[in-house]
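This report refers to the structure that appears directly beneath it.
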Amino acid sequence: MELCINMEHIEKLLQTYKGKKVILAFSGGVDSLILAILLSRVAKVKCVFIKTPYIHKYKEEDAKALAKKFNLDLEILYVDKIVENSKLRCYHCKKMFFSILNKMKEELSYDLVVDGTHYDDLFEDRPGLKALEELNISSPFAEFKVRKGDILKLAKDLNINIPKETCLLTRFDRDVDEKELRKVEALEEFLRKFLKGSIRLRDRGDKAILEIEDIKNFEHNREVILSELRKYYDDILVIKK
């Protein structure tokens, strides 16, 4: 598939990484996907998706499908650890992920590890950025001032539309075990049978906060949805995102 690129900063990015052997942290999100597509034009790229208990199971299947569609070299790694669910969870998670990828880089004699952090991310409160700095991870989009709008434009050119997704730990305000993660994962899968768009089921013990975009279909299926949720929660609050 031909990709039309006219932006000077992206051309400089491609020139800089030309001929490199790169391990790319691949989440299956739009940022890492577009970076993988771009770098694969000029470099040897191994995409690595790390599956943990707090990553939705459908994300692994999505990653495989995207890799097949865009002819990307993808490896799946499975890690059983659940990181501390604090305000620094993204730091701890990225520290774990990129330590694994750095080790892989050394074992395979690759040149560097990269991720899809873009320029706009640098101006937000993102604890995970500290882990990238500590582990010397390269972020080509951020390095060459590629912004989210640039990435979305490229995605549109390729007819790529991937909803933003966050890990299951964000559904809780406390440390959790795998049983609790699987419960929320299963309930969100149930909700996807009826609702389109973004779905976030926030677990607050006996209370659930359901954040959704598709209010129309929720109202149409209100009774069956609430009946299922009431098996697990005494109080349910529905919020339109």
Exercise for review: First obtain the Kirkwood hydrodynamic radius of the stretch 168-240 from its Cα pairs, then insert it into the Stokes-Einstein equation at 37 °C and 0.692 mPa s, and state the resulting D in µm² per second as a whole number.
Suggested key: 267 µm²/s
Practice item. Run the quick spin-label model on K12 and D206: label points 7 Å from Cα toward the beta carbon, then report their separation in nm to one decimal. Key: 5.9 nm
Study note, to complete from the structure: So, relative contact order of the chain in percent, Cα under 8 Å, 6 or more apart, is 17 percent
Point to revise | Among 196-202, 111-117, 139-145, the order from most to least packed when residues are scored by Cβ within 10 Å on average | key: 111-117, 139-145, 196-202
Check your understanding: In degrees from 0 to 90, rounded to the nearest 10, what is the angle of the helix 178-192 Cα long axis to the longest principal axis of the chain?
Key -> 80 degrees
Review point. Taking N as the number of residues in the chain, what is its alpha-carbon radius of gyration divided by 2.2 N^0.38 Å?
Key: 1.08
**Study point:** 222 nm mean residue ellipticity, helices alone, for the chain (DSSP H n ≥ 4; -39,500 (n - 2.57); rounded to 500)
**Key:** -12500 deg cm²/dmol
Study note, to complete from the structure: D (µm²/s, integer) via Stokes-Einstein for the stretch 67-180, Kirkwood Rh across alpha-carbon pairs, 37 °C, 0.692 mPa s: value 202 µm²/s
Practice item. Please order Y232, Y54, Y119 by the number of other Cβ within 10 Å, starting at the fewest. Key: Y232, Y119, Y54
Study note, to complete from the structure: Of the listed links K105/K179; K105/K153; K18/K103, those spanning more than 29 angstrom between alpha carbons are K105/K179; K105/K153
Check your understanding: Does the stretch 19-133 come out rounded, prolate or oblate by the C-alpha gyration tensor, with a ≥ b ≥ c the root eigenvalues, rounded set by a/c under 1.5 and, if not, prolate when a/b is larger than b/c and oblate if not?
Key -> rounded
Point to revise | Whole-Hz ³J(HN,Hα) from phi, Karplus 6.51 cos²θ - 1.76 cosθ + 1.60, for the stretch 60-67, glycine and proline x | key: 5, 5, 4, 4, 4, 5, 5, 4
Review point. What length, rounded to one decimal in nm, is gained on full extension from E60 through to K153, with 0.36 nm per residue of separation minus their alpha-carbon distance?
Key: 31.0 nm
Practice item. Set the Förster distance to 41 Å, then compute FRET efficiency between S109 and E180 from the Cβ-Cβ distance, nearest 0.05. Key: 0.50
Revision key, fill the gap. Rounded to 0.05, the calculated FRET efficiency for the beta carbons of K87 and K44 at R₀ = 45 Å is 0.75
Practice item. Taking only Cα atoms and a 10 Å spring cutoff, compute GNM fluctuations for the chain and point out the largest among C167, C90, C47. Key: C167
Point to revise | the stretch 1-123: relative contact order in percent, alpha carbon pairs under 8 Å with at least 6 residues between | key: 29 percent
Review point. What nm distance separates the two modelled labels at R230 and K21, each placed 7 Å from Cα along Cα→Cβ?
Key: 6.1 nm
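No lab work stands behind these numbers, since they all come straight from the coordinates. Because the structure is a prediction, the values reported are computed rather than measured. Glycine also receives a Cβ, built like all others from the backbone with ideal geometry; neighbour counts cover every protein chain displayed.
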